[in-house]
Amino acid sequence: VSAPVAVVGAGPAGLMLAHRLARAGVEAIVLDTRTRHEIETTHRAGILEADVARDLVETGVSDRILREGHEHEGTELRFGGRAHRIDFKALVGESVWLYPQTAVFTDLADARERDGGTVHFGIEDTEVLDIATDAPRVRYTAADGTRHEIRARYVVGADGSRSMCRDLVPEDRRVRYGKEYPFAWFGILAEAPMSAPELVYAHSEHGFALISQRTETVQRMYFQCSPDESTEAWPDDRIWETLQARVAGADGFRLKEGPVIDKTVLRFRSFVQEPMHWGSLLLAGDAAHTVPPTGARGLNLALHDVKILADVLVRALSREGVAALGDYQPQALQRVWRAQNFSWWMTRLLHTAPDASAFDLRRQLGELDNVVGTRSGRTYLAEQYTGWPVSAQD
Ligand code: DHB
């Protein structure tokens, strides 16, 4: 078959790109090695910028977020055993939406189905060929074992943080920037009532913890752990003891406990590959850049990429031709590095390095005091957390 655009990766970036292209009358075929069920049951991020939430509704993906999502007008930083609220609405007039990535994915997959878009899940042996030419091809084995080929004009690699598409850019034409961290996140889902009305980002001498939410009865929480931690070593009572110790304080705050129904160790790093465009290949989302999860930038960044990319591809496929693609990276990359900085900054602000000295801990408390104790500090956090305007200039 042939299609103007072939997209490798049916996560939120790949599906939202196909949705946006379809609205402009451009067909895209989307492929993923994972089954729909696998993607839907892999728990990931939970916070959307207001702009991104608005786009889901306004582009006609779904308005479920308005019924099932929760608008949060602020968040809490906890340190020294005390709570400090950052009031996004009052500081910068913005809010964010708590709406899980799994729900974003389901809405997008349903929208592709509803609108007659082509998405093949559970495929194998993906091969992307001829990206140095203007007639790239993607070959794959379908779930039923048959071999297929898509002849496309452009191929988009939206295949996540372990992208194989980004490896197709010749080594002497690409640069990779990255940073590893000496810790990971232990993520859980628990059947319990909410412990707080908004998210709680907690710094403690025992390490970081994040108290997030999913529904009235299911909660999402994370705590900093060693990168080689195994979920096997963590029965429920050890998890709760660890989480409680990290949020404990003079105000007597305690988490509401319940059965843990999902446990995962999430390793993370900072990563960018440039260029995001080479030949007939374009990279979007985690395939081009990965951020540590602190501050919830990853999903938002991926959806911003494809907003720019959809526009550029539509222009490239009409009268402007290939020159239009030159606008993609400059527009996308500025936001990418801003988000890289914020994610790194939030991570460093709140986590305890394994070799942290008493000085390091007290310096961190000083920085946290500077953030919550000054209007400029609170405003900085609020601006970064709620996202930047599309042009991201002012
Ligand atoms: C969630 C994840 C994050 O990384 C974050 O910063 C906030 C919330 C979540 O999964 O709910």
(request) Name the shape class, rounded, prolate or oblate, that the alpha-carbon gyration tensor gives for the range 143-217, where a ≥ b ≥ c are the square roots of its eigenvalues, rounded holds for a/c under 1.5, and otherwise prolate holds if a/b is larger than b/c and oblate otherwise. (result) oblate
(request) Pick out, from V260, F105, Q224, the residue whose Cα sits farthest towards the positive end of the charge dipole of the chain, with +1 on the Cβ of Lys and Arg and -1 on the Cβ of Asp and Glu. (result) Q224
(request) Have a look at G321, H289, T59 and report the one farthest towards the positive end of the charge dipole of the chain, computed about the Cα centre with Cβ charges (Lys/Arg +1, Asp/Glu -1). (result) G321
(request) For the chain, return all DSSP H helices satisfying: extent of Cα atoms along own axis at least 24 Å; mean Kyte-Doolittle hydropathy at least 1.0. (result) 298-317
(request) Go through the range 132-227 and name the trypsin sites (Lys or Arg not before Pro) that are in a DSSP coil and have 12 or fewer other Cβ atoms within 10 Å of their Cβ. (result) R162
(request) State to the nearest 20 debye the size of the charge dipole of the chain about its Cα centre, where the only charges are +1 on K and R beta carbons and -1 on D and E beta carbons. (result) 600 debye
(message) If the reach is capped at under 27 angstrom between alpha carbons, list the lysines near K263, excluding any in the same chain fewer than eight residues apart.
(response) K179
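For T41 and E124, compute 0.36 nm times the residue count separating them, minus their Cα-Cα distance, and round to one decimal in nm. Don't jump to the answer; show the numbers that get you there.
Numbers: separation 83, 0.36 × 83 = 29.88 nm, distance 1.97 nm.
Stretched out fully, the T41 to E124 stretch lengthens by 27.9 nm.
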(request) List the residues of the range 28-45 whose backbone N lies under 18 Å from a point placed 7 Å from the Cα of D167 along the Cα-to-Cβ direction. (result) 32-34
(request) Mind jotting down a quarter of the surface of the convex hull over the alpha carbons of the range 219-289, in square nanometres, one decimal? (result) 7.5 nm²
(request) List every residue whose amide H lies under 5 Å from the amide H of V156, counting only residues 5 or more places away in sequence or on a different chain, with H placed 1.01 Å from N in the peptide plane. (result) A6, V7, V8, L282
(request) Pick out, from V26, A6, T41, the residue whose Cα sits farthest towards the positive end of the charge dipole of the range 1-41, with +1 on the Cβ of Lys and Arg and -1 on the Cβ of Asp and Glu. (result) V26
(message) Through the Karplus equation 6.51 cos²θ - 1.76 cosθ + 1.60, θ set to phi - 60°, convert the phi angles of the range 279-294 into ³J(HN,Hα) values in whole Hz; use x for Gly and Pro.
(response) x, 9, 9, 10, 10, 9, x, 4, 4, 9, 7, 10, 10, x, x, 4
(message) Could you tell me the calculated FRET efficiency between A323 and A135, based on Cβ-Cβ distance and R0 = 22 angstrom, to the nearest 0.05?
(response) 0.75
(message) Among DSSP bridges having both ends in the range 1-92, what percentage is antiparallel? Round to the nearest 5.
(response) 60 percent
(request) Run through every distinct alpha carbon pair of the range 1-139 and return the Kirkwood hydrodynamic radius in angstroms, one decimal place. (result) 17.0 Å
(request) Tabulate in residue order the Karplus-calculated ³J(HN,Hα) for the range 131-142, using 6.51 cos²θ - 1.76 cosθ + 1.60 with θ = phi - 60°, rounded to whole Hz; enter x for Gly and Pro. (result) 6, 7, 10, 9, 9, x, 9, 10, 10, 7, 9, 6
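Using only alpha-carbon positions, what ratio does the radius of gyration of the chain give when scaled by 2.2 N^0.38 Å? Don't skip to the answer; put the middle values down first.
On the way: Rg = 21.4 Å, N = 394, 2.2 N^0.38 = 21.3 Å.
The chain yields a ratio of 1.00.
Can you give the relative contact order of the chain as a percent, counting alpha carbon pairs under 8 Å and 6+ residues apart?
Relative contact order for the chain comes out at 20 percent.
Read-outs throughout are calculated quantities, based only on the coordinates presented, and are distinct from any laboratory measurement. Keep in mind it's a predicted model, so treat the numbers as computed, not measured. In this analysis, Cβ positions are derived from the backbone assuming ideal geometry, glycine residues included, and neighbour counts consider all displayed protein chains.
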